Amino acid sequence: MKDGNFLKANNARSLWHPMTSPADSLANAPTIVTGARGVRISDIDGHEVVDGVGGLWNVNLGYSCQPVKDAIAGQLEALPYYSTFRGTSNDKVIELAEELRDFFAPDGLTRAFFTSGGSDSVETALRLARQYHKIRGQAGRTKFLSLKKGYHGTHFGGASVNGNANFRTAYEPLLAGCHHIAAPYTYRNPFNESDPAKLAQLILQQLEDEIAFQSADTIAAFIMEPILGAGGVIPPHESFMPGVEAICRKHGILLISDEVITAFGRTGAWSGSRLWGVKPDFMCTAKAITNGYFPFGALMIAEGVAEVFEKDESGKAAIGHGYTYSGHPVGAAAALACLAETKRLDVRVNAAARGAQLWAGINALKDKHSVIGDVRGGHGLMLAIELVADRATKKPADKPVPGKVQKTAYEAGAMVRVSGPNIILSPPLVLTEADAQVILDALDSGFRAL
Ligand SMILES: Cc1ncc(COP(=O)(O)O)c(C=O)c1O
C-alpha cells in the first residue's frame with residue numbers, strides 16, 4: 001500500500017478523471033476518499049463528513065448496507081459470472097426480473113433488459129424504441145425528442161439527446177435526428193415565464209409545434225427525466241410530464257422516462273413516473289438498483305411494447321443488442337438484496353421527510369445569503385442551489401465561487417457537489433434529521449466564508 005503523500009502527489013499522473021480536464025486534475029488535488037460508514041465518508045487525512053452527494057446519486061442506503069455486501073460476497077462464491085446471451089441465464093437474474101416486475105407493475109412496466117449502468121440503459125431504450133416502430137411497419141420513425149438541460153449519459157445516443165453543450169460540443173457530430181425543446185426551468189427560460197404551470201403549458205405547445213414541424217411519423221420517442229437531475233435539479237410543474245405523455249400518445253411517439261436517478265425512492269415516490277402519475281413505455285434505471293456497490297442497470301419495458309416484440313413472427317424483433325455484463329449474476333444478487341432493503345426500510349418516506357427538511361433549510365439560507373439566486377427541490381432528496389453574482393440581473397456567480405462554498409462546507413462536515421453555478425444535494429435516503437442539519441450548517445459556513 002502506497003503512503004498518503006505518494007497518493008496525493010500521483011493522483012493525476014497516470015489517471016484521467018471523468019467530467020474534468022486532465023490539466024484541472026493535475027492542478028487541483030482531489031479529495032481522496034478511503035473509507036465510509038453509514039452516510040459518512042472519510043478521506044486519506046482521516047477527515048469524516050456527511051455525504052451530501054450520496055456517492056453520485058446512487059448510494060441510497062448508505063455505505064454500511066450489510067445485506068447487499070453479503071449478497072455480493074455470496075454470489076462471488078456461488079457463480080461470479082455467466083452470460084445471459086441467447087441460450088443461457090442464471091438463477092439470480094430470473095428472480096430479479098420477477099421482483100422488478102412486481103415493483104414497477106404500478107408504472108405498467110413488466111419486462112426487464114439488464115445493463116451495466118445508466119448510459120447503457122438509455123442506449124438500450126433508444127435502440128429498442130426504433131426497433132419497436134420497425135416491427136410495426138413504421139420504419140420512418142427514427143428521430144428522438146428531448147429536453148434542453150436533460151442528462152442521459154455519455155454514449156453517442158445518450159449524448160445526442162442530452163441537453164447540455166458541455167457533454168456535446170467536443171464530441172460532435174452526434175446522432176442525426178435528435179431535437180430539443182426548452183427545459184421547464186422557471187429561473188431562466190426563453191419565454192421569461194416564472195410561473196411553473198404556465199411555463200409547462202408553453203413548453204407543451206413547443207412540443208406540439210416541434211412534432212408538427214418534424215412530422216410525427218418520423219419520431220420514435222421522447223426521452224425525459226421526471227425531475228431533471230444533473231442539469232441542475234429542475235422539477236417540472238405537476239402538469240408537465242402528464243402533458244408530455246398525452247401528446248406522445250396522440251402522435252404514436254414512445255415515452256422514455258430516464259429514471260437513472262429517480263427510480264427507487266429518491267423523489268419520495270418509488271419512481272418519478274409514479275410521482276407524476278405517468279405510465280412510460282420504457283424506464284431507464286441504474287445507480288441505486290445496487291446501492292452503487294456494483295455497476296448494473298435495468299431498462300424496464302411496458303406491457304404493450306413487450307407484446308409487440310413477443311408476438312412478432314417476422315423476425316424483426318430479434319434483439320441485436322446487449323452487453324457482456326447484461327444480467328451479471330453478482331449485480332443481480334446485489335440488486336435483489338438492495339430491493340429487499342429498499343422496501344423493508346420504505347426509504348421513500350424518509351426521502352420525502354428529509355427532503356422537506358433540506359428544502360426548508362436551503363430556502364432559509366436563501367434569506368440569509370444573497371449569493372443564492374434560486375433554490376430547487378421540494379420532491380425528496382434531490383435539491384440544487386444556484387449561485388449568482390447579482391440577484392437582480394441573475395448574472396451567474398464567478399466560476400470559483402461554488403468551489404469555495406464546497407471547500408468550506410467540506411471542512412465544516414459535509415460533502416456537497418458543484419455542477420456549473422449549482423450546488424447539488426443528493427444524499428443517501430437513510431439520512432437522519434441530525435445528518436441533514438449537518439449538511440445545512442456546513443452550507444451555511446460555506447456561504448458565510450465567501
Ligand atoms: C438521468 C441520467 N441518465 C443517465 C445517466 C448515465 O448513467 P451512468 O453514469 O451510470 O452511465 C445518468 C448519470 O448520472 C443520469 O443522471
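Bear in mind these aren't lab numbers, they're just calculated from the coordinates by the rules spelled out. Values in this document were obtained by computation on a predicted structure and should not be read as measured data. FYI the Cβ positions are ideal-geometry reconstructions off the backbone, even for glycines, and counts take in every protein chain you see.
Quick notes on this structure:
- Shown in residue order for the stretch 92-105 are the 3J(HN,Hα) couplings computed by the Karplus curve 6.51 cos²θ - 1.76 cosθ + 1.60 at θ = phi - 60°: 5, 6, 5, 4, 5, 4, 5, 5, 5, 4, 5, 4, 9, 4 Hz (x for Gly and Pro).
- Cα centroid separation - the stretch 363-393 against the stretch 265-317, whole Å: 33
- Modelled FRET efficiency - R0 30 Å, Leu76 with Asp45, Cβ distances, 0.05 increments: 0.40
- Computed FRET value (nearest 0.05) for Arg136 with Gln205, which takes r as the C-beta separation and R₀ as 25 Å: 0.35
- What the phi angles of the stretch 204-212 give under the Karplus curve with 6.51, -1.76 and 1.60, with θ = phi - 60°, is a coupling list of 5, 5, 4, 5, 4, 5, 5, 5, 5 Hz, glycine and proline written as x.
- Leading residue at positive end of dipole, the stretch 218-334 (Cβ point charges), from Phe296, Gly268, Gly252: Gly268
- Theoretical gain in end-to-end length, Lys311 to Ser194 [0.36 nm per residue, Cα-Cα removed]: 37.4 nm
- Cross-link partners of Lys8 among lysines, defined as those whose alpha carbon lies under 24 angstrom from its own and excluding same-chain residues fewer than eight positions apart: Lys404, Lys407.
- Local net charge near Thr142, Cβ-Cβ under 10 Å (Lys/Arg +1, Asp/Glu -1): +4
- Within the stretch 1-106, the trypsin sites (Lys or Arg not before Pro) that combine a DSSP coil assignment with at most 16 other C-beta atoms in a 10 angstrom radius are Lys2, Arg13, Arg86.
- Exposure here means at most 16 other Cβ atoms within 10 Å; with chymotrypsin sites (Phe, Trp or Tyr not before Pro) in a DSSP loop as sites, the longest stretch of the chain lacking them is 192-450.
- Greater than 31 Å apart at Cα, pairs in Lys2/Lys399; Lys148/Lys287; Lys92/Lys279: Lys2/Lys399
- Spatial offset of the stretch 1-73 relative to the stretch 132-150 amounts to 39 Å, using the alpha carbon center of each.
- Neighbourhood net charge (12 Å Cβ-Cβ; Lys/Arg +1, Asp/Glu -1) for Lys343: -2
- Basic side chains Lys and Arg get +1 at the Cβ, acidic Asp and Glu get -1 at the Cβ, and with that the dipole of the stretch 67-345 about its Cα centre reaches some 360 debye.
- Along principal axes, Cα extents of the chain, largest first, whole Å: 65, 58, 42
- Backbone phi angles across the stretch 287-302, fed through the Karplus curve with coefficients 6.51, -1.76 and 1.60 (θ = phi - 60°), yield HN-Hα couplings of 6, 5, 4, 10, 6, x, 7, 8, x, 6, x, 9, 8, 8, 10, 6 Hz in residue order; Gly and Pro are listed as x.
- Note on the stretch 142-257: Cα-only Rg and Dmax are 13.3, 36 Å.
- For Leu79, Leu381, order by how many other beta-carbon atoms lie within 10 Å, fewest first: Leu79, Leu381
- Remark: relative contact order (the stretch 249-372) = 25 percent; criterion is Cα-Cα distance under 8 angstrom and separation of 6 or more residues.
- Computed [θ] at 222 nm, helices only, for the chain once each DSSP H run of length n ≥ 4 contributes -39500 (n - 2.57): -12500 deg cm²/dmol
- Alpha-carbon centroids, the stretch 420-450 and the stretch 163-209: separation in whole Å: 29
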